[in-house]
Amino acid sequence: MKHRVMNKLLKKMVFLILVLTLIPIAGCGVETQIMEGQEGTQADENEIDQDQLNEGAPADIGLINFQTQDIYGNPVNQDVFKDYSLTLVNVWGTFCGPCIDEMPDLGELQKEYEPKGVNIVGIVVDVQGEDMEILEDQLELAKQIASGTGAEYTHMLITEEMIDSVLNQFNAIPASFFVDSDGNIVSEFYIGSRKKEDWATIIETTIENQ
């Protein structure tokens, strides 16, 4: 049953990646279902729900226990967050134009904010098949994109745990959220790409609300 749900999620995300590449704007306003069972809502790329930001995400979701690897084959787990008070997690795909467009800005922000205790980590959703096997051509493309855009922070592969705890909470990418040093989600989900100055404002606001 879990594999059928996982396969459906991966197919849905790949479909949305292909749709997003056809939208010639920096950020995508798409219909997104944030929590399972709720009606979809229209996400505005510049809209920040302050109530959600203050309250954070539900306590039963997060990245508090997982084992995966990055795009270079290095093992990664929840300890990737432990040295930072906040980490911005950015979910992206290799065929998602808006995802790639914002990665140079995210790369610059990671370098600027890491000394302040804020990191950025990526999760790439389309370098694995339905049985979680690695697709080598896609993996190489992900490496090229990360290097070419200057987004040289950690980019993790997805796991079943990530799907169960986080990735099933939204159905469009790019999608981003903040976690604390333990991997608990402490912000809303931000759907759509944003410019550097907008991300900087969101980061500063999230720091202030810690």
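The values are calculated or read from the model by the stated rules, or taken from the named source; none is laboratory data. The structure displayed is predicted, hence computed values, not measured ones. Ideal geometry is used to build each Cβ from the backbone, glycine not excepted, and the neighbour counts take in all protein chains shown.
When GLY122, GLY192 are checked against the criterion of being within 15 Å of PHE66 (Cα to Cα), crowded, with 23+ Cβ neighbours inside 10 Å, modelled with pLDDT of 95 or more and not β-branched (Val, Ile, Thr), a single residue qualifies: GLY122. The residues listed here are THR94, THR87, THR68; of these, the one that is of a type in the set (S, T, N, Q) and over 14 Å from the mean Cα position of the chain (by Cα) is THR68. Scanning the range 152-172 for residues that are farther than 22 Å from TYR72 by Cα and in a loop (DSSP other than H, G, I, E, B) returns VAL166, PHE170, ASN171, ALA172. Looking across the range 133-163, the residues that are free of Cβ contacts under 8 Å to residues at least 40 places away in the same chain and of a type in the set (D, E, K, R) come down to GLU133, GLU136, ASP137, GLU140. Return yes when SER176 is hydroxyl-bearing (Ser, Thr, Tyr), in contact with a helix residue (DSSP H, G or I) (Cβ under 9 Å, 6 or more places away or on another chain) and either surrounded by 19 or more Cβ atoms within 10 Å (Cβ to Cβ) or over 22 Å from PRO115 (Cβ atoms) (or both) and no when it is not. Yes: the conditions hold for SER176. For the range 120-127, the condition of being charged (D, E, K, R), out of contact with any Pro (no Cβ under 7 Å at 6 or more places or on another chain) and within 17 Å of GLU152 (Cβ to Cβ) holds for none of the residues. Inspect the range 113-128 for any residue being among the basic types (Lys, Arg) and under 19 Å from LYS82 (Cα atoms) and give the result as yes or no. Looking for residues that are among the basic types (Lys, Arg) and under 19 Å from LYS82 (Cα atoms), one finds at least one in the range 113-128, hence yes. Just the residues that are touching a strand residue (DSSP E or B) at 6+ places or on another chain (Cβ under 9 Å) and of a type in the set (A, V, I, L, M, F, W, C), please, taken from the range 186-208. Answer for the range 186-208, where residues must be touching a strand residue (DSSP E or B) at 6+ places or on another chain (Cβ under 9 Å) and of a type in the set (A, V, I, L, M, F, W, C): VAL186, PHE189, ILE191, TRP199, ILE202, ILE203, ILE207.
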